[in-house]
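First the structure, in the form of structure tokens, and then the observations on it.
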Amino acid sequence: MVNWEREPGERVEDFAAAYLLLRAGRGNQIRPSQGDRGIDVQIPSAGGWEIFQVKRFATNLSASAKQQIKESWDRFTKEVIPTRDIKSWSLVLPLEPTPQNEIWFEELTVGADFEINWVGRALLDAWAADSPKLAAYFFGGGEDRMHELMATALSGGQQPQGEGDPLLASIQERMQALGASLDEVDPFYHYELELRAGNISDLSPEESMTQVERPGLMLSTLEQVSENQYLVTHVIARSEVSAELRPIRGTYNFTAATPEEREALERWMYYGAPLHEATGTVVKTEGPPGTTLGQSSAATAWIVTPLGDDTLPPLEVRLVTPDGSTLLTLPVTAATRSWGVRGSGLWLRVEVGPAAAFEYFVGAEGRHDEIVIKTDTATGAAPSVALPAVELIARLPGNSLQLAVQAGQVVMPPFEFDDNYMSAAAKSFGKLVRALSVLQRHTFSRVTIPRLDDLSADKAQRILRMAALLDGQRVTGTFSAYPVSDDEFFAGWDEKERPLIIERPVGVEIGGTTYETQMIERQHLESVWLDRSTSPQTLRAGSSKVIWSEAVPRANSSEDENAE
């Protein structure tokens with residue numbers, strides 16, 4: 001049972017706010033300032049805003065206490081009600097009303113056209129009983145207990161006994177038990193601990209960023225606990241409001257050794273862009289156990305943004321000509337945004353399929369708006385999915401790029417483009433992706449974009465030629481000699497020049513997979529003669545060296561039977 005009379009008002013307010021917000025999963029707590037407009041906690045709902053005003057009064061209301069409540073109500077009615085749809089306003093305090101209190105409260109709130117509540121001691125006791133972790137955290141020394149548990153994890157405590165598999169099992173059980181203990185006393189975050197072999201300084205960025213894409217993951221810290229072991233602590237939010245109720249904060253001094261590092265730090269500071277492998281020293285940190293580091297200790301930071309932003313409307317990217325005509329419109333498949341630590345700068349990354357992404361750096365005072373294009377060869381993706389973005393990149397020069405709400409208004413400043421190496425590369429790459437898309441229309445096998453490093457120039461040319469045939473084009477060339485092995489077919493030939501048609505299946509091998517189609521390549525050699533002096537025999541060009549090809553449908557089985 002909580003002794004409400006002895007608890008500071010701020011702690012009572014924080015407990016009530018945490019309980020309400022964790023239960024709702026949204027909303028926010030209004031921090032004390034000069035005039036809180038009669039709101040301590042606000043929660044949006046389908047019927048309007050649910051407002052809570054928390055007071056610490058635990059004994060009968062004095063005239064001064066009533067005056068404070070009245071001032072909060074008056075500010076609320078004057079500053080909030082005219083601007084919002086209100087569902088309810090609740091006075092929360094660890095005190096049940098007397099009949100006189102009820103009369104006074106009814107007179108105070110008379111005329112309200114929304115629900116009015118007095119949340120008293122009994123309900124606060126019920127909240128504490130309903131969430132013992134929360135009550136223990138605020139009123140039972142839960143925070144100190146968490147730091148003791150984390151200290152146990154870092155110090156190692158009594159060493160596990162045994163060797164081989166039993167020792168490994170003992171260590172694993174210990175980490176699981178520590179994580180479970182932390183979970184038991186922290187109402188805001190869930191913890192997972194990993195004891196890994198090795199040294200943090202030997203890790204690559206990719207290894208250090210393991211599991212950053214887990215839902216709810218707020219922070220992963222790595223701390224060396226012995227010469228050959230380090231502890232990884234994953235701190236996972238229990239609710240969307242966890243970070244607001246118990247913020248993770250820190251002050252660090254970062255240093256930039258190169259112009260690239262300086263640019264990365266500035267983009268993070270002014271726009272909130274992701275920061276990878278930034279070195280610095282710790283000035284001050286605060287937050288759940290496992291998220292804080294010792295003062296003046298060295299730190300390497302990987303700061304990432306949320307995986308997506310569900311609050312953004314559906315977006316699209318438009319390629320617009322100088323006269324305002326729209327050449328291409330592509331839907332945005334993923335969008336993530338963040339704001340700078342300093343000022344009002346915004347970082348927004350939008351993806352248009354697997355092959356291209358655009359990063360906007362806008363709104364920072366005293367800095368120019370900027371767009372950065374990121375391209376990818378989209379290895380393993382379907383060519384039809386990657387092709388639109390590749391074509392957009394190829395057509396950038398001389399045009400402008402707009403980001404807009406789908407079928408709606410432009411939301412970012414347009415950016416114009418001149419000739420650039422990226423567009424030139426996209427034109428070449430686009431031919432290959434387009435050819436693979438054509439192949440997909442003629443084969444039952446799934447076609448994906450191969451690793452370009454594994455694709456020779458000769459193989460790429462064969463893919464382009466095959467796609468041209470499948471697309472109905474006539475492919476023309478010249479030849480001088482053509483080895484043949486079918487002696488029986490040519491047995492009756494003399495040395496006269498004549499035309500010849502050769503048929504072969506249209507298909508191609510890419511990355512170890514052979515793609516077959518239902519088409520035949522029909523090659524027309526306008527003039528050939530048979531040279532029997534070579535082995536194998538050779539067809540040589542006669543009066544014309546022209547050879548042209550077309551693709552025709554493969555005869556089906558029933559047609560083959562009729563032909564026989």
(request) Could you check, for the range 381-403, whether at least one of its residues is touching a residue at least 60 places away in the same chain (Cβ under 8 Å), surrounded by fewer than 20 Cβ atoms within 10 Å (Cβ to Cβ) and of a type in the set (S, T, Y)? (result) yes
(request) Scan the range 105-139 for residues that are without any contact (Cβ under 8 Å) to a residue 40 or more places away in the chain, over 18 Å from A18 (Cα atoms) and hydrophobic (A, V, I, L, M, F, W, C) and jot them down. (result) F105, L108, V110, A112, I116, W118
(request) Tell me which residues, restricted to the range 226-250, are surrounded by fewer than 14 Cβ atoms within 10 Å (Cβ to Cβ) and at pLDDT below 75. (result) R249
(message) With of a type outside the set (D, E) and either touching a residue at least 60 places away in the same chain (Cβ under 8 Å) or under 22 Å from A136 (Cα atoms) (or both) as the only criterion, which of L61, L20, L91 stands out?
(response) L20
(message) Can you find a residue that is of a type in the set (V, I, T) and either within 21 Å of A555 (Cβ to Cβ) or in the same structural domain as A356 (by TED's automatic domain parsing) (or both) anywhere in the range 520-537?
(response) yes
(request) Tell me the strands (runs of 3 or more DSSP E) entirely within the range 316-372 that contain at least 2 residues that are among the polar types (S, T, N, Q) and closer than 23 Å to L265 by Cβ. (result) 334-339
(message) in contact with a strand residue (DSSP E or B) (Cβ under 8 Å, 6 or more places away or on another chain) and at pLDDT 75 or above: which single residue out of P306, P288, P259, P331 fits that description?
(response) P331
(request) Using the structure shown, decide if A424 is closer than 19 Å to D376 by Cβ and either over 26 Å from the mean Cα position of the chain (by Cα) or in the same structural domain as T514 (by TED's automatic domain parsing) (or both). (result) yes
(request) Give R56, R31 a once-over and let me know the one that is outside any helix (DSSP H, G or I), free of Cβ contacts under 8 Å to residues at least 40 places away in the same chain and not hydrophobic (A, V, I, L, M, F, W, C). (result) R31
(message) Which condition from (1) over 20 Å from R31 (Cα atoms); (2) modelled with pLDDT under 90 is the one that R56 breaks?
(response) (1)
(request) Would you check if there is a residue in the range 394-408 being among the charged types (D, E, K, R) and touching a strand residue (DSSP E or B) at 6+ places or on another chain (Cβ under 9 Å)? (result) yes
(message) Here is a check on your reading of the model: is S90 surrounded by 15 or more Cβ atoms within 10 Å (Cβ to Cβ), within 20 Å of Y19 (Cα to Cα) and not charged (D, E, K, R)?
(response) yes
(message) Within the range 27-37, does at least one residue satisfy the condition of being within 23 Å of Y189 (Cβ to Cβ), hydrophobic (A, V, I, L, M, F, W, C) and surrounded by 13 or more Cβ atoms within 10 Å (Cβ to Cβ)?
(response) yes
(request) Test A264 against the stated conditions and say whether it is among the small types (G, A, S), part of a loop (DSSP other than H, G, I, E, B) and over 22 Å from G27 (Cα atoms). (result) no
(message) Where the second residue is outside any strand (DSSP E or B) and small (G, A, S) and the first is touching a residue at least 12 places away in the same chain (Cβ under 8 Å) and more than 18 Å from L387 (Cα to Cα) and lies in the range 318-336, which pairs have Cβ atoms under 9 Å and are six or more apart or on separate chains?
(response) T321/G398; P322/G398; A335/G308; T336/G308
(message) Among the residues in the range 378-394, are any touching a Pro at 6+ places or on another chain (Cβ under 6 Å) and either farther than 22 Å from L455 by Cα or in a loop (DSSP other than H, G, I, E, B) (or both)?
(response) yes
(request) Assess whether A460 counts as being outside any loop (DSSP other than H, G, I, E, B) and in the same structural domain as R337 (by TED's automatic domain parsing). (result) no
(message) Between a residue in the range 521-540 that is surrounded by 15 or more Cβ atoms within 10 Å (Cβ to Cβ) and any residue that is in a strand (DSSP E or B) and at pLDDT below 90, which pairs come within a Cβ distance under 9 Å, given they are 6 or more apart or on different chains?
(response) L525/Y482; V528/Y482; Q537/P483; T538/Y482; T538/P483; L539/Y482; L539/P483; R540/Y482
(message) Condition first: out of contact with any Leu (no Cβ under 9 Å at 6 or more places or on another chain) and among the small types (G, A, S). Now tell me which residues in the range 311-370 satisfy that.
(response) G324, S325, G343, S344, G345, A357, G366
(request) Only one of these is touching a residue at least 60 places away in the same chain (Cβ under 8 Å), of a type in the set (D, E) and either within 30 Å of E13 (Cα to Cα) or not assigned by TED's automatic domain parsing to the domain that holds P187 (or both): E240, E223. Name it. (result) E240
(request) Answer yes or no as to whether G477 is in the same structural domain as A551 (by TED's automatic domain parsing), part of a strand (DSSP E or B), surrounded by 12 or more Cβ atoms within 10 Å (Cβ to Cβ) and not hydrophobic (A, V, I, L, M, F, W, C). (result) no
(message) If L95 satisfies all but one of (1) more than 25 Å from S239 (Cβ to Cβ); (2) surrounded by fewer than 20 Cβ atoms within 10 Å (Cβ to Cβ), what's the number of the condition it fails?
(response) (2)
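The values are calculated or read from the model by the stated rules, or taken from the named source; none is laboratory data. Everything quoted here is computed from the prediction, not taken from an experiment. Please note: Cβ atoms are built from the backbone with ideal geometry, for glycine as well, and neighbour counts cover all protein chains shown.
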